[in-house]
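The values are calculated or read from the model by the stated rules, or taken from the named source; none is laboratory data. Bear in mind that the values here come from a model prediction, so they are computed numbers and not experimental data. Heads up, the Cβs are rebuilt from the backbone with ideal geometry, glycines too, and the neighbour counts pull from every protein chain shown.
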Amino acid sequence: MNLGDAVSEMHMECYPEMATREFERLVAQAKRRFGVESALLVHRYGHLMPGDPIVVIAVATEHRGEAFDACRFLIEALKSSAPFWKREQTQASGSRWVASA
């Protein structure tokens, strides 16, 4: 459900090379801010169904509090700065592009 309409499917557009560079930039920030030793960001794109897993974030830190903080930072930054665009398909409204959060 988004904007009051049931979403039947969605399509994520992406520029993989730009996304890779942005992921690297975000991980570098997380390393500086939270002491992240290693991180993995995965964001699916293409045709997706509601409920499909879209993002995986894994970090390695010395303490779990830093890991949670780093993951929160990465998911929030990813949603606003990574080059992904989502088009939703609904019964009521048809196809529409959704702005980044």
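Determine whether SER38 is modelled with pLDDT under 95, on the phi < 0 side of the Ramachandran plot and either surrounded by fewer than 16 Cβ atoms within 10 Å (Cβ to Cβ) or touching a Lys or Arg at 6+ places or on another chain (Cβ under 9 Å) (or both). When the stated conditions are applied, SER38 does not pass them.
Of a type outside the set (Val, Ile, Thr) and in contact with a helix residue (DSSP H, G or I) (Cβ under 6 Å, 6 or more places away or on another chain), is that true of GLU66?
Judged against the criteria, GLU66 is a match.
For the stretch 40-59, a tally of residues being of a type outside the set (Val, Ile, Thr) and in a loop (DSSP other than H, G, I, E, B) returns 7. Within the stretch 48-83, the set of residues being surrounded by 11 or more Cβ atoms within 10 Å (Cβ to Cβ), under 27 Å from ALA6 (Cβ atoms) and touching a residue at least 24 places away in the same chain (Cβ under 8 Å) comprises LEU48, PRO50, ILE54, LEU78, ALA82. When the stretch 10-35 is limited to residues that are closer than 14 Å to LYS86 by Cα and not hydrophobic (A, V, I, L, M, F, W, C), the one that is surrounded by the fewest Cβ atoms within 10 Å (Cβ to Cβ) turns out to be GLU13. Within the stretch 60-77, count every residue that is in contact with an Asp or Glu (Cβ under 8 Å, 6 or more places away or on another chain) and either in a helix (DSSP H, G or I) or not small (Gly, Ala, Ser) (or both). Total meeting the criteria: 2.
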